[in-house]
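To start, the structure itself, in structure tokens.
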Amino acid sequence: MNLVEKDLRYIWHPCSQMKDYEELKPIIIDHGKGVYLYDKAGKEYIDIVSSWWCNLLGHCNPKINNAIKLQLDKLEHVIFANFSHEPAINLCEKLMEIIPPGLTKFNFSDNGSAAVECALKMSFQYQYQTGHARKTKFMCLTEGYHGETIGALSVGSMDLYARIYKPMLMDTIPVQAPDCYRCPYGKCRSDCKTECFEHVEKAFAEQADEICAMIVEPLLQGGAGMRIYPAIYLKKLRKLCDEYQVILIADEIATGFGRTGKMFAFDHAEVSPDIMCVSKGLTGGYLPMAITITTDEIFDAFYADYNEGKAFMHSHTYSGNPLGCTAALAVQELLRKDHILEKAAVRAEYLHHKLNEALLEHSHIGEIRHIGLVNAMELVIDKNTKQEYDSKLRIGYQIYKNALEKGLILRPLGNVLYFNPPLTINEEEIDKAVSICTESIKEVIG
Ligand code: PMP
């Protein structure tokens, strides 16, 4: 058996119909460097999706590698209850310099979904312990995505992931999310007055008594097809949450650490959430780690004599893993020393300009929306009516397969193709990626 055969013999790949692998075999990656991944035969692939949006500063960055190697010979892991270590403490100190004001306490876990579960439980217990035991429900946006565990799936309302599990899920309050490409109010991005915020206002007015927290993917609904909405929406949400004593949870798992052009998406709105979940780019995409960060006010509601039973009895074995913290610290150092965000801003303009030049006039590209280095191209049958392709045609997937042959990893979200590259991508790499993407689109849909 060769490696591919062995892979298919043993491995059940994530988020995949395994029958698809009969035709498109798994690509066995041997090594990576910068934006490139290399398979066993030496074929090069541009990782334009940052390996599920987590690789922040390129693959095999020598500085992150060395930091992890040094830490490995000192301490690989330690129980994080009652014990601590320098990498975790130093990391919190560094993060304090960049997170939205008011966030002060760090609860570690090991993946994005776990950080969301932690945020939900923390909010629920906070409300309970501060005399609001009736506030038990979570509000979320339609088409939101917050992970795959039961709680996270309950506040994510994308049918693609949640439909089959509905009988297992919590009863939540989904509110119509902004849809700026197909705005139901007939507005465009330039004349938007966040009319759609009325759905949130209505839901709060009717149900605030029972709402514990509202969770959002700030500015960028990634799983929904990189839908982008304006910062004013978050500002309004902050105000409403204060008015009705609802906790505001920012799921910055995909948007954190410069993906939207600022360090965090909430920075665009110049307001702070009460709880913020981070993961993915936190370790540069090196090691599974997540943090649920909250305020003194929430932390204090759990702080009491042991027998009062107010502690947050929530744990994950790998909480605060020293190797993960070390990788995250190295990322923090690189972000500052190499002025990554400033340089990424220049590349972001370049990338959007190049994509516009190559594809904006294409009759099946509805729009090329962008924020930071994230650019999403919505494939439509007709530009004027914005009519979607039937999902059964799997147009995005056909283009993905074509681009893979040419050395570009353009894994789509349904009919949406997107670029979400490492922040360190350079102009030459952008040119190459745009050129392959354009060729593949033209070969598949003309
Ligand atoms: N929230 C958001 C916004 C995400 O994009 C993701 C992952 N794509 C998650 C939560 C879940 O993270 P994980 O896959 O690490 O559980």
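The values are calculated or read from the model by the stated rules, or taken from the named source; none is laboratory data. Here the structure is a predicted model, which is why all the values come from computation and not from measurement. Every residue, glycine as well, gets a Cβ built from its backbone with ideal geometry; the counts of neighbours run over all protein chains shown. These accessible areas exclude ligands, DNA and RNA; they are computed on the full protein's heavy atoms, side chains included. Shrake-Rupley method; radii C 1.70, N 1.55, O 1.52, S 1.80 Å.
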Quick one: residue 254 ticks every box in (1) open to solvent by 10 Å² or more (accessible area, probe 1.4 Å); (2) on the phi > 0 side of the Ramachandran plot except a single one, so which number is it?
(2)
Is there any pair with a first residue in the stretch 319-344 that is in the same structural domain as residue 109 (by TED's automatic domain parsing) and more than 12 Å from residue 61 (Cβ to Cβ) and a second that is open to solvent by less than 30 Å² (accessible area, probe 1.4 Å) and polar (S, T, N, Q) whose Cβ atoms are under 7 Å apart and which are 6 or more apart or on different chains, and what are they?
319/109; 322/71; 323/71; 324/283; 326/71; 328/283
Suppose the filter is over 30 Å from residue 367 (Cα atoms), in contact with a strand residue (DSSP E or B) (Cβ under 6 Å, 6 or more places away or on another chain) and among the acidic types (Asp, Glu); does residue 274 pass it?
yes
I'd like to know if the stretch 234-246 contains one or more residues that are touching a residue at least 24 places away in the same chain (Cβ under 8 Å), within 16 Å of the ligand (Cβ to nearest atom) and assigned to a loop (DSSP other than H, G, I, E, B).
no
Out of the stretch 300-324, which residues are open to solvent by less than 50 Å² (accessible area, probe 1.4 Å), out of contact with any Phe, Trp or Tyr (no Cβ under 7 Å at 6 or more places or on another chain) and part of a loop (DSSP other than H, G, I, E, B)?
304, 314, 321
Only one residue in 294, 283, 260, 255 is within 22 Å of residue 152 (Cβ to Cβ) and over 16 Å from the mean Cα position of the chain (by Cα), so which one is that?
294
Is it the case that residue 144 is modelled with pLDDT of 95 or more and under 30 Å from residue 83 (Cβ atoms)?
no
Residue 218 is checked against (1) touching a Leu at 6+ places or on another chain (Cβ under 7 Å); (2) away from the ligand (no atom under 16 Å from the Cβ); (3) not aromatic (Phe, Trp, Tyr) and fails just one. What number does that condition carry?
(2)
How many of the residues making up the stretch 286-295 are buried (at least 24 other Cβ atoms within 10 Å of the Cβ) and over 15 Å from residue 119 (Cβ atoms)?
2
How many residues of the stretch 183-196 are at positive phi and open to solvent by 30 Å² or more (accessible area, probe 1.4 Å)? The answer is 1
Enumerate the pairs (first residue in the stretch 286-314 and closer than 15 Å to residue 130 by Cβ; second residue anywhere and within 16 Å of the ligand (Cβ to nearest atom)) with beta-carbon separation below 6 Å, excluding pairs fewer than 6 apart on the same chain, so at least 6 apart or on different chains.
294/275
For the stretch 269-285, which residues satisfy the criterion of being within 16 Å of the ligand (Cβ to nearest atom) and open to solvent by 20 Å² or more (accessible area, probe 1.4 Å)?
280, 285
Look through the stretch 73-105, keep the residues that are small (Gly, Ala, Ser) and under 24 Å from residue 255 (Cβ atoms), and return whichever of them is most open to solvent (accessible area, probe 1.4 Å).
102
When you scan the stretch 342-387, how many residues do you find that are open to solvent by less than 60 Å² (accessible area, probe 1.4 Å) and out of contact with any Phe, Trp or Tyr (no Cβ under 9 Å at 6 or more places or on another chain)?
15
From the list 64, 29, 46, pick out the single residue that is away from the ligand (no atom under 16 Å from the Cβ), open to solvent by less than 40 Å² (accessible area, probe 1.4 Å) and in contact with a strand residue (DSSP E or B) (Cβ under 7 Å, 6 or more places away or on another chain).
46
With the checklist (1) out of contact with any Phe, Trp or Tyr (no Cβ under 8 Å at 6 or more places or on another chain); (2) closer than 17 Å to residue 54 by Cβ; (3) away from the ligand (no atom under 13 Å from the Cβ) in hand, flag the one item residue 327 doesn't pass.
(1)
Residue by residue through the stretch 145-171, note down the ones that are β-branched (Val, Ile, Thr) and crowded, with 17+ Cβ neighbours inside 10 Å.
155
Looking at (1) within 16 Å of the ligand (Cβ to nearest atom); (2) assigned to a strand (DSSP E or B), which one does residue 56 not meet, given that it meets all the others?
(2)
Note on the stretch 121-142: residues surrounded by fewer than 21 Cβ atoms within 10 Å (Cβ to Cβ) and within 16 Å of the ligand (Cβ to nearest atom) are 121, 142
Can you name every residue in the stretch 386-425 that is over 18 Å from residue 369 (Cβ atoms), part of a loop (DSSP other than H, G, I, E, B) and free of Cβ contacts under 8 Å to residues at least 60 places away in the same chain?
390, 394
Test for residue 208: is it of a type in the set (A, V, I, L, M) and either farther than 23 Å from residue 100 by Cα or in a loop (DSSP other than H, G, I, E, B) (or both):
yes
Restricting attention to the stretch 257-268, and to residues there that are more than 16 Å from the ligand (Cβ to nearest atom) and among the charged types (D, E, K, R), which single residue is least open to solvent (accessible area, probe 1.4 Å)?
267
Selected residue [within 20 Å of residue 226 (Cβ to Cβ) and either surrounded by 16 or more Cβ atoms within 10 Å (Cβ to Cβ) or of a type in the set (S, T, N, Q) (or both)] from 180, 118
180
